[in-house]
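To start, the structure itself, in structure tokens.
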Amino acid sequence: MNPLAGADAVARLLAAVPKAEIASSPVKDYPTIRLAAPADLLLAARLLKGDLGFMYLEMVTAVDWLGPVNLGGFVCGGNSNPLSRKPAAPPVSPVPGPGVSYRPMLDLLWSFGNLGENRKIFLRLELPRDRAEVPSLTSLFAAADWQEREAFDLFGIRFTGHPNLIKILTPDFLQGHPLRKDYVHAKDRYDEE
Amino acid sequence: MGIILDKFPLIAKAIPGGQVVLTSTDYIIDLGRKYSLWPLTFGLACCAIEMMVAYAGRFDFDRFGVIPRPSPRQADLLLIAGTVTKKMAAPIVDIYHQMPEPRFVMAMGSCANCGGPFYDSYSVVKGIDRIIPVDVYIPGCPPRPEALIYGVMELQKKIMRMKLERGGGATVQAEKGSRDPAGEDA
Ligand code: SF4
């Protein structure tokens, strides 16, 4: 039994990672830590895997907080491609809604499991939508490969250092990243009447 | 065998009394096809669970001669059970063309019929009749095993109307859409 698991793991993480804090919006009642910058991710993950026994990367996903979108009459270019360095798409503005703080941010989420002690810990990190770039965890966890490809495919998050960052779920002809709130579906060959 | 069956109507018609031979041969061949419908089970989503139930003990598809096959080369019936995504569409067309004639297609569930609950989705094909011809549509979300059995029985009725004179298929082969002009000679 690793005495450092559980609350101690959170304390160790908070001590080791600069400006990390306990997230105000935890995932259920699991310990959830919000990182301050993408650069902290590898540090935290290395600590989790090496010292604290969280050997299992369960999930890499994200939430787009743009909220309901007013595209302002702009239809075809909403599907920005973060891999191409073309001029950015015209800005879209979130429609304010009650109770939820919509903002042009992607909230990334990693889930780490410690199978020996049956514990979980979550990391969160907010990134601006148009510069969503984080270091890839593939050097530490092989499981990160497909998970990160999925997050790239559906959200357009760029994982730097990933060996093979290509689409995994959507067909090749699909433009854009469907789980982004400003995704616009362009008709393809299966949509014709 | 296929060549003999193709040429047989011509030969039978040329000899007196050949029509009798032809219709009896039709009947025997159709009977054989009807009671040995081997499906390539193509479970894609939740409907596949219901399809598995139909094969299992309580509903026992085997008594209709419906025995699941793992390879399209051995199958007569393509049983599409579930949601067809756009990424899966091309493999389905490939598999359809790998099956030997005569081949039949059943669309099981709302998803395979028309897109079902994912009608507005960016990634779902809105009905497999957009990519391959369909013989029987089974509505429901998911259809109960009884509905699946009813679908197979309807297909059996359709097979009984097949004639050597008209070539291999139950009806004329179409590129896509429904292959069920009910009036052809019901
Ligand atoms: S029709 Fe309903 S049960 Fe069948 S695959 Fe679609 S959603 Fe699932």
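Observations
- Criterion violated by residue B:63 - all others in (1) under 19 Å from the mean Cα position of the chain (by Cα); (2) open to solvent by less than 60 Å² (accessible area, probe 1.4 Å); (3) not hydroxyl-bearing (Ser, Thr, Tyr) satisfied: (2)
- The stretch B:67-84, residues that are away from the ligand (no atom under 16 Å from the Cβ), touching a residue at least 40 places away in the same chain (Cβ under 8 Å) and open to solvent by less than 40 Å² (accessible area, probe 1.4 Å): B:77
- Any hit, the stretch A:4-23, residues being in contact with a strand residue (DSSP E or B) (Cβ under 7 Å, 6 or more places away or on another chain) and part of a strand (DSSP E or B): yes
- Single residue of the stretch B:34-59 satisfying the filter (open to solvent by 60 Å² or more (accessible area, probe 1.4 Å) and under 19 Å from the mean Cα position of the chain (by Cα)) that is farthest from the ligand (Cβ to nearest atom): B:35
- Annotation: residue B:90 fulfils all but one of (1) aliphatic (A, V, I, L, M); (2) in contact (Cβ under 8 Å) with a residue 12 or more places away in the chain; (3) within 15 Å of residue A:190 (Cβ to Cβ); the unmet one is (2).
- Test set (1) in a loop (DSSP other than H, G, I, E, B); (2) within 17 Å of residue A:111 (Cα to Cα) - residue A:170 fails condition number: (2)
- Cβ separations smaller than 8 Å between residues 6+ apart or across chains give the following pairs from the stretch A:164-193 residues that are more than 8 Å from chain B (Cβ to nearest Cβ) to residues that are among the β-branched types (Val, Ile, Thr): A:176/A:184; A:181/A:69; A:182/A:69; A:182/A:92; A:184/A:75.
- Residues that are within 15 Å of the ligand (Cβ to nearest atom) and open to solvent by 20 Å² or more (accessible area, probe 1.4 Å) within the stretch B:85-108 comprise B:85, B:88, listed in sequence order.
- Looking only at residues of the stretch B:109-126 that are within 7 Å of the ligand (Cβ to nearest atom) and away from chain A (no Cβ under 14 Å), we find that the one that is farthest from residue B:139 (Cα to Cα) is B:117.
- The one condition in (1) open to solvent by less than 60 Å² (accessible area, probe 1.4 Å); (2) under 30 Å from residue B:84 (Cα atoms) that residue B:24 fails to fulfil: (2)
- Against the conditions (1) modelled with pLDDT of 85 or more; (2) not in a helix (DSSP H, G or I), residue B:16 satisfies every one except (1).
- Of all residues in the stretch B:131-141, at least one satisfies being more than 10 Å from the ligand (Cβ to nearest atom), open to solvent by 50 Å² or more (accessible area, probe 1.4 Å) and within 23 Å of residue B:54 (Cβ to Cβ).
- Scanning the stretch B:53-66 for residues that are within 19 Å of residue B:155 (Cα to Cα) and free of Cβ contacts under 8 Å to residues at least 40 places away in the same chain yields B:55, B:60, B:62, B:63, B:65.
- The residues of the stretch B:110-126 that are aliphatic (A, V, I, L, M) and not in a loop (DSSP other than H, G, I, E, B), listed by number, are B:112, B:124.
The values are calculated or read from the model by the stated rules, or taken from the named source; none is laboratory data. In this text the structure is predicted, and so the values were computed from the model without any measurement. Glycine also receives a Cβ, built like all others from the backbone with ideal geometry; neighbour counts cover every protein chain displayed. Note: accessible area is taken over every heavy atom of the protein model, side chains too, but ligands, DNA and RNA are not part of it. Shrake-Rupley method; radii C 1.70, N 1.55, O 1.52, S 1.80 Å.
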